[in-house]
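Please read the structure below before turning to the comments.
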Amino acid sequence: MNKNEIAGKYTADQEVRLILVQVLDKMNKAQQKNILTVTRFLNEHQRAVAEQMIKDFGNPAHFFYGGYDGAQRTVLAFLPDYMEPEDITGEDVNPLSLIRAKYPAANSLTHRDFLGGLLGTGIKREMIGDILVSGNSCDTVILKEVLPYLESSFNSAGRAKLDISVVPLGAINVPEAKFKTINDTVASLRLDSVVSSAFSISREKAADAIRAGKVFLNHLECYKNDKQVNEGDCITVRGMGKAVLQHVGSTTGKGRIRIVIAKYI
């Protein structure tokens, strides 16, 4: 079975399949040469699918790293036998850098503005990690190999001129996540019921979204309406956002289950 066939076992998405082939290449090279290999940035779905595949290959030593704890976009590093995960954060081998863009307080810039500005320089999305907007500055994690280019080319976002500097990863500004708390009751912890509650849509629309492949449970596509959701599970609906089932409580007198959901905004 060739690499494309192996990747096809884990996803029907052609883009994700190509990424899995690249992951296989990095994994094989690390094992054959006993060296550190690093992928481009993966989003949460791509990471989850890659984790499934790596597990089936015996879980060779690897580490997902996005520059800080809780990063949504991460690179995947396969480690030689002389390295531990924390070694990759050292300055000599760290594959990532951090740039800070400051802009005039009169401008109100968003994640989309900065992503547009970065892509406008000609680099690909896979070279860019998390984009963290806070106050009148934005910290962006990038692959170190594109740092010299961005230092000279990334000078505007939206209509604002940017003041770019290189900052140690340890000084990254991570804005506090914003979410609203939803207290509700559901007939059961089926996926369609929880999606309906979290995203304020009918259960029928929730079921339609699940069948259409628009719903991800813990970052993996889930096509089963009756899949049970557990406390702590993350649900993403394409085009609607992300929510976490924070707490499953007691049952009401009418047999419904009390739940608490954090819906990210």
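Please list 3J(HN,Hα) in residue order for the stretch 230-235, calculated via the Karplus relation 6.51 cos²θ - 1.76 cosθ + 1.60 where θ = phi - 60°; whole Hz, with x for glycine and proline.
With the stated coefficients, the stretch 230-235 comes to 10, 4, x, 5, 9, 10 Hz.
Hey, got a sec? Which GluC sites (Glu not before Pro) in the stretch 132-203 land in a DSSP loop and have at most 15 other Cβ atoms within 10 Å?
Glu176
When the Cα centres of the stretch 91-169 and the stretch 11-32 are compared, how far apart do they sit, in Å?
Going from one Cα centre to the other spans 27 Å.
What accessible surface, in Å², does a 1.4 Å probe find on Asp208, ignoring ligands, DNA and RNA and rounding to the nearest 10?
80
What lysines does Lys26 reach when the alpha-carbon gap must be under 29 Å and sequence neighbours fewer than 8 apart in one chain are set aside?
Here the lysines satisfying the reach criterion relative to Lys26 are Lys3, Lys9, Lys55, Lys124, Lys144.
Identify all lysines with a Cα-Cα distance to Lys205 below 21 Å; exclude those on the same chain that are fewer than 8 residues away in sequence.
Lys214, Lys224, Lys227, Lys242, Lys263
Extent of the chain along each principal axis, from alpha carbon coordinates, in Å, largest to smallest?
62, 56, 30
Any idea of the accessible area per residue across the stretch 112-237, 1.4 Å probe, to the nearest Å²?
51
For the chain, what is the calculated [θ] at 222 nm in deg cm²/dmol (nearest 500), taking -39500 (n - 2.57) for each run of four or more DSSP H residues and dividing by its residue count?
Rounded to the nearest 500, it is -8000 deg cm²/dmol.
For the chain, which whole percent of the accessible surface, found with a 1.4 angstrom probe, sits on carbon and sulfur atoms?
47
Can you compute the charge dipole magnitude of the stretch 56-122 about its Cα centre, using +1 on each Lys and Arg Cβ and -1 on each Asp and Glu Cβ, nothing else charged? Give it in debye, rounded to the nearest 20.
660
Over the stretch 1-106, average the accessible area per residue using a 1.4 Å probe and give it in Å², no decimals.
Averaged over the residues of the stretch 1-106, the accessible area is 52 Å².
Calculate the translational D of the stretch 1-116 in whole µm² s⁻¹ from Stokes-Einstein, where the hydrodynamic radius comes from the Kirkwood formula applied to all Cα pairs, the temperature is 20 °C and the viscosity 1.002 mPa s.
This corresponds to a translational diffusion coefficient of 136 µm²/s.
The values are calculated or read from the model by the stated rules, or taken from the named source; none is laboratory data. Bear in mind the structure is a predicted one, so any value in this text is a computation, not a measurement. Note: ideal-geometry Cβ built from the backbone for every residue, glycine included; neighbour counts use all protein chains shown. We work out accessible area using only protein heavy atoms, side chains counted, and drop any ligands, DNA or RNA first. Shrake-Rupley method; radii C 1.70, N 1.55, O 1.52, S 1.80 Å.
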